[in-house]
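Following: one structure in structure tokens, then a few remarks.
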Amino acid sequence: MPAEDEAGALQSRRFLWLYALASAGGSIAYVPFLTILLPMRVTAMAGNDDVAWLAYATFFGAIAASLSNIAFGWASDRTRRRAPWIAAGLLASSLLLGAFGFARSPAAIIVLLVGWQLALNMMLAPLAAWAGDHVPDAQKGRLGGLLAFAPAAGAAAGVLVTLPGLASADARLWLVAGLVVLCVMPVLLLGRPRTIAGLAREQEIEQSDAQPHGEVVRMWLARLLVQVSEAALFAFLFFWFRAIDPEMTDARVAQTFGLILLGAVPLALLAGRWADRHDRPFAPLTLCAAGAALGLSVMAAAPGLEAALAGYVLFGLSASIFLSLHSAQTLRVLPRARHRGRDLGLFNLTNTGPSLVMPWLTLALVPAFGFTGLFLALAVFALAATLLLLRMPNLSSPLAKARDACETVN
């Protein structure tokens with residue numbers, strides 16, 4: 001173990017891995033439910049009106065998630081404790097998830113969905129801020145790499161709970177809840193994070209040491225632009241592939257999506273470790289945003305299925321790595337440690353906002369310009385994110401700051 005680690009300058013590997021497992025649990029909590037289990041329930045109840053009811057549910061759920069993430073992040077800042085909020089949110093969201101089995105109307109589902117989103121974000125908001133409390137800048141690249149496990153775990157859980165004959169529709173809800181508990185509880189019981197000097201919530205960061213406001217805005221906008229692109233692809237990918245090749249099946253699309261998420265994990269780990277070692281936290285983000293723009297451009301010009309798949313793989317890998325690393329490096333630019341939970345809630349709007357924007361963007365572009373027009377617009381978004389990140393400083397860790405100071409003196 002490195003001397004720095006023994007001295008407490010770095011966080012323990014145990015906490016990092018258990019935290020990554022808990023983050024995967026957060027993804028498992030909503031990915032299978034929102035993408036598979038909820039639409040199936042709405043269709044079973046609403047019949048031909050399922051699209052409209054699902055749109056209402058998605059809209060109100062996104063609003064509840066956005067507001068509650070900010071509120072519970074702020075609440076955990078005020079109480080100066082994260083773990084009790086995480087545990088309470090885990091319990092409440094698990095019980096409410098199981099309660100969907102008792103819903104008998106689409107309206108009841110929407111009410112339950114809003115309550116479930118409130119409880120889920122009671123867990124997710126403090127969990128996100130907890131990493132900022134205990135993971136120093138020198139390990140944020142590694143943390144970002146570990147966070148790449150989360151979307152892969154969410155997709156894998158969706159496959160698991162829908163295996164034919166494994167569980168009934170109601171039992172699937174409790175199965176998801178059980179998986180989330182198994183993932184989140186270990187960090188609460190066994191994590192025991194070290195206290196790292198300079199990261200404590202009680203510490204007030206001097207204004208002169210705070211990150212410039214422009215850096216925070218650039219990071220926020222860059223994530224929003226990439227998230228809009230990913231949200232559009234997530235919702236309409238199948239329709240695009242079928243437009244290119246009518247023989248393309250939903251199973252093959254799902255397999256491609258899953259392979260991309262799995263492939264992003266080792267690449268994100270490598271990129272994160274490289275960023276830590278070379279004190280260049282934003283270089284991999286810039287490269288991934290550029291890769292996403294290139295992938296979307298290839299997709300827009302794809303003459304056939306092979307080129308389309310190649311472009312989508314490039315985009316999918318770039319976007320997945322970007323989002324994982326961005327989640328960790330965001331902690332670096334937040335200006336006030338004592339408002340970390342609240343500020344992360346504001347960053348979370350880049351996750352929930354695209355689900356409200358994306359349908360209108362798609363409806364405005366696809367009928368007039370086809371998917372080519374949509375992908376070109378999304379490529380411009382990703383390119384704009386690249387340009388925003390090019391203006392971020394390459395070196396921002398304490399080691400890099402000391403190095404810059406020495407070079408200035410010499």
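The stretch 183-197 and the stretch 69-117 have Cα centres lying 22 Å from one another. A simple charge model with +1 on the Cβ of Lys and Arg, -1 on the Cβ of Asp and Glu and nothing else charged puts the dipole of the stretch 209-410 at about 640 debye relative to its Cα centre. R0 = 25 Å: FRET efficiency of residue 357 with residue 111, Cβ-based, nearest 0.05? After rounding to 0.05, the efficiency reads 0.50. In the stretch 1-203, a dipole from Cβ-located charges (positive for Lys and Arg, negative for Asp and Glu) runs towards its positive end, and of 32, 22, 88 it is 88 whose Cα lies farthest in that direction.
Size of the dipole of the chain about the Cα centre, Lys and Arg at +1 and Asp and Glu at -1 on the beta carbon, nothing else charged, in debye to 20?
The dipole of the chain has a size of about 700 debye.
Each Cα pair under 8 Å and six or more residues apart adds its sequence gap; the mean of these over the residue count of the chain is a relative contact order of 27 percent. Ignoring the sites themselves, the chain has its longest run without GluC sites (Glu not before Pro) in a DSSP loop having at most 11 other Cβ atoms within 10 Å at 1-201.
Quick check: residue separation of residue 14 and residue 273 times 0.36 nm, minus the Cα distance between them. What number comes out in nm?
That pair, residue 14 and residue 273, stretches by 91.6 nm at full extension.
Please give the net charge around residue 306, taking every other residue with its beta carbon less than 15 angstrom from that of residue 306, where Lys and Arg add +1 and Asp and Glu add -1.
On the way: positive: 252; negative: 245, 247.
Local charge sum for residue 306: -1.
Report the one residue of 294, 351, 64 whose Cα lies farthest in the direction of the positive end of the charge dipole of the chain (charges on C-beta: Lys and Arg +1, Asp and Glu -1; origin at the Cα centre). Checking the options against the dipole of the chain, the answer is 64. Packing here is the average count of other Cβ atoms within 10 Å per residue, and on that basis the peptides 177-184, 10-17, highest first, run 177-184, 10-17.
Each label point was placed 7 Å from the Cα along the Cα-to-Cβ direction; for residue 102 and residue 190 their separation is 3.4 nm.
Among 148, 20, 108, the largest mean-square fluctuation in a Gaussian network model of the chain, built with springs joining Cα atoms closer than 10 Å, belongs to 108.
Of the residues 266, 32, 164, the one that moves most in a GNM of the chain with alpha-carbon contacts below 10 Å is 164. Across all directions, the average projected area of the convex hull around the alpha carbons of the stretch 238-382 is 9.8 nm².
Comparing 165, 272, 311 in a Gaussian network model of the chain where C-alpha atoms under 10 Å apart are linked, the largest mean-square fluctuation is found at 165.
Eigen-decomposition of the gyration tensor built on the alpha-carbon atoms of the chain gives equivalent ellipsoid semi-axes of 34, 27, 19 angstrom, largest listed first. Note on residue 239 and residue 63: the extension gain reaches 60.7 nm, defined as 0.36 nm multiplied by sequence separation minus the Cα-Cα distance. Along the axis of the charge dipole computed for the stretch 209-410 (Cβ charges of +1 for Lys and Arg, -1 for Asp and Glu, origin at the Cα centre), the listed residues 317, 369, 266 are led at the positive end by 266.
Given the rule -39500 (n - 2.57) for each run of at least 4 DSSP H residues, summed and divided by the residues of the chain, what is its mean residue ellipticity at 222 nm, to the nearest 500 deg cm²/dmol?
Numbers: 17 runs with 323 residues, N = 410.
Taken over the chain, the calculation gives -27000 deg cm²/dmol.
Only the coordinates and a few stated rules stand behind these numbers; no lab work does. These numbers were taken from a predicted model, which means no experiment stands behind them. Ideal geometry is used to build each Cβ from the backbone, glycine not excepted, and the neighbour counts take in all protein chains shown.
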